[in-house]
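See below for the structure under consideration.
Quick note: the coordinates plus some simple rules give every number you see, no bench work behind them. What you see is a predicted model, and the numbers here were worked out from it, not measured in a lab. For neighbour counting, all protein chains shown are included, and Cβ atoms are generated from backbone atoms with ideal geometry for every residue, glycine included.
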Amino acid sequence: MSQPHERIAAALRRAPGEPLALVPYITAGYPSRERFIETLREVAGAGDVVEVGVPFSDPMADGVTIQRASQAAIAAGVSLRWILAALAEAGPMPAPVVLMSYLNPLLNHGFERLADDAARSGVAGFIVPDLPLEESQALRTALEARGLALVQLVTPATPPARLARLCEASRGFVYAVTVTGITGGDSGLPSTVSEYLDRVRSVSSLPVCAGFGVRRPEHLRQLSGHADGVVVGSALVEELEAGRDPAAFLRGLRDG
Amino acid sequence: MLSEFSEAERSRLLSELLAGRFPDEHGRFGPFGGRYAPETLITALERITEGMHAALADSGFKATLDGELAEWVGRPTPLTAARGLSRRWGAEVWLKREDLAHTGAHKINNALGQALLAQRLGARRVIAETGAGQHGVATAAACARVGIPCVVYMGAVDVKRQSPNVDRMYQLGARVEAVESGDRTLRAAIDEAFRAWVADPEESYYLLGSAVGPHPYPYLVRQLQSVIGREAREQCVARTGGLPDAAFACVGGGSNAIGLFHPFLADTSVRLVGVEAGGRGAGLGDNAATLATGRPGVLHGSYSMLLQDPDGQVQETHSVSAGLDYPGVGPEHALLKAIGRVEYTSCTDDEALDALWECCRAEGILPAIESSHALAGARAFAREHTGTRLLIGLSGRGDKDMPTLSQFIDRIRS
């Protein structure tokens, strides 16, 4: 049986000419704590890998939408422990689940215990936006022992030598941040994005997924052929807040 | 990642500290510190680190900084013999008068140094956060002096309770952004300043105001604030013929405390005491006494002590003093506590306010509520140690606290 991080990569890898893979993001337990698993199942069914946000009190890389979602989820009693327990109880999902969390809740849980609990809950990997490669050894070691991914993020500001190191160290996929900024922007993707993504793809042996500011079909058309997949976060959270069908929104993005 | 050490480990860490080995090349003070920042900022942090080392080693930069510290900031600040407090407390009390530095607090030492660094690095804009508003005012003034536009993020709660400083920032040409997210105090202001910086890491310089944050900030801020302790040590020796028995500073993020303490670390006869904000009492959420009641964690870019709940969410804090109302603390303080070189205590809101009024009446000096925590800590120490020589870091003046203090006017009249 393949390792969890290999399942992520397999779900996202795209041959030239194939449509982009979709990585939808939801904040766990938002807008409804009771409907978390139901929402996750719908979203995972419409995506190739699903990203579940662990709410944190100080989400410094996130814009207003995910800040609002995180704050409400914490107020509703959502925590890392609760998420892991809910996932364990829910059983297999239609797509591999990756947890997006700031470092402190993970540190607080303890890395060894985290890797065990995550593996038991069917989680395939982690994205940790405030954990640069240089500080990540202890977590990577703990996750690798369980075959779990620690996805590295790269940005347009990342110099070439560092880009190669990050792609080499990443597992599951490489998360290519499209814009210099926080999540949830709506100012369009930079004109240089395709050239930047081509550069990332040329050094990465893993699938490359573009994220931050991806919210409309035209964005997917712009990225098509330059990435394996896209991460859709704030735009999807806003759909959920408005009470609309997340799967319909994701299909609309893909087919639009 | 341990916060408790064996005796052997403590003495090894102390000798490495005294040998100047901290922070190491990874920005670590023992296990604390580091650089936990989004990837977008890593290149900018590298650039600042290199620029900082080059600037601090450049005699031209140092001459410019020293010249500005003398003729624009007004350094050296005096060491004042506090005769009234000495009599009342039965001790020999000396006040290091950072309240007399330009803009009214120690914050200017760091703001000026970093504004000059930002200029040297070619920054087009400076971003800063502020709690009490002292760092915001200092940054606004330093940026005006150096000629770089600046934006200051300030929690909406603090905008209200420190309104005189908001007006001063505008007068000095800064733009002030009231932060409505998170806890709407210093912590949310730092989150928001980081977000602004993440959006523009190439052209903006983040002028962080305390000895916190990702490497190199805890080191850079310490280097710029150590002028406080260097002067105080020299002045104390010149005036009294010896060193103090103990030195006191308030600790929020810990920049004035690290600045006062650092030059005394090797003087093992000098007891160093940091005083945290004990707020309303010991309950979680009632104070900002991070070193007393926190656990190790990561906030705002470094691994240090942190007030957090059982799930690792950062805890909301309370202090009557906006400048100390912060759930984290600089990583070097976490080390100094773990190895026992600095003692950390706390005083309550009421004890700080009593010390403030006592200082007003005994010395004719209105200290900041932040600095009044150091006074309260020293007063408690004097009760146990009669006749000792005490050095107190009076980190700032209390004019900005008038909106808060006027709420208590009845208590003073009674």
Subject >> Dipole magnitude of the protein assembly as shown about its Cα centre (Cβ charges: Lys, Arg +1; Asp, Glu -1), debye to nearest 20 >> reply: 900
Subject >> When each of B:LYS62/B:LYS160; B:LYS62/B:LYS107; B:LYS96/B:LYS160; B:LYS160/B:LYS337 is checked by Cα-Cα distance, pairs over 27 Å >> reply: B:LYS62/B:LYS160; B:LYS96/B:LYS160; B:LYS160/B:LYS337
**OP:** Between B:THR345, B:THR386, B:THR49, find the one with the highest GNM mean-square fluctuation for chain B; connect C-alpha pairs within less than 10 Å.
**Re:** B:THR386
**OP:** Determine the distance separating the Cα centre of region A:107-179 from the Cα centre of region B:106-184; give it in Å without decimals.
**Re:** 35
**OP:** Take peptide B:302-313, look around each residue's Cβ out to 10 angstrom, count Cβ atoms belonging to other protein chains, and average those counts.
**Re:** 5
Original post:
Any idea what the alpha-carbon Rg over 2.2 N^0.38 Å comes to for chain A?
Top reply: 0.91
Original post:
List the cysteines of the protein assembly as shown that have no other Cys Cβ closer than 4.7 Å: which are they?
Top reply: A:CYS167, A:CYS209, B:CYS236, B:CYS250, B:CYS347, B:CYS359, B:CYS360
Original post:
Relative contact order for region A:17-174: what is it in percent, counting Cα pairs under 8 Å that are at least 6 residues apart?
Top reply: 19
Subject >> Shape of chain B, Cα gyration tensor, a/c cut at 1.5 >> reply: rounded
**OP:** Would you calculate, for chain A, the mean residue ellipticity at 222 nm contributed by helices, counting each DSSP H stretch of 4 or more residues as -39,500 (n - 2.57) and dividing by all residues, to the nearest 500?
**Re:** -13000 deg cm²/dmol
Original post:
Taking region B:6-46, which GluC sites (Glu not before Pro) meet the DSSP loop condition and have no more than 10 other C-beta atoms within 10 Å?
Top reply: B:GLU25
Subject >> DSSP-loop GluC sites (Glu not before Pro) across region B:202-243, with at most 16 other Cβ within 10 angstrom >> reply: B:GLU202, B:GLU203
**OP:** Please list the non-local residues whose amide H lies under 5 Å from the amide H of B:ARG271, H modeled 1.01 Å from N, same-chain partners needing a gap of 5 or more.
**Re:** B:ALA246, B:ALA247
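Provide the packing ranking of B:133-139, B:365-371, B:217-223, i.e. peptides ordered by the mean count of other C-beta atoms within 10 Å per residue, highest first.
Details: B:133-139: 30.9, B:365-371: 27.6, B:217-223: 25.4.
Order by mean packing, descending: B:133-139, B:365-371, B:217-223.
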Subject >> DSSP bridge pairs, chain B: antiparallel proportion in percent, nearest 5 >> reply: 30
Subject >> region B:362-381 versus region A:23-72: alpha-carbon centroid distance in Å >> reply: 47
**OP:** Take every DSSP beta bridge whose two residues both sit in the protein assembly as shown, then give the antiparallel share in percent to the nearest 5.
**Re:** 20
Subject >> Projected area averaged over orientations for the protein assembly as shown, convex hull of C-alpha atoms, nm² >> reply: 29.2
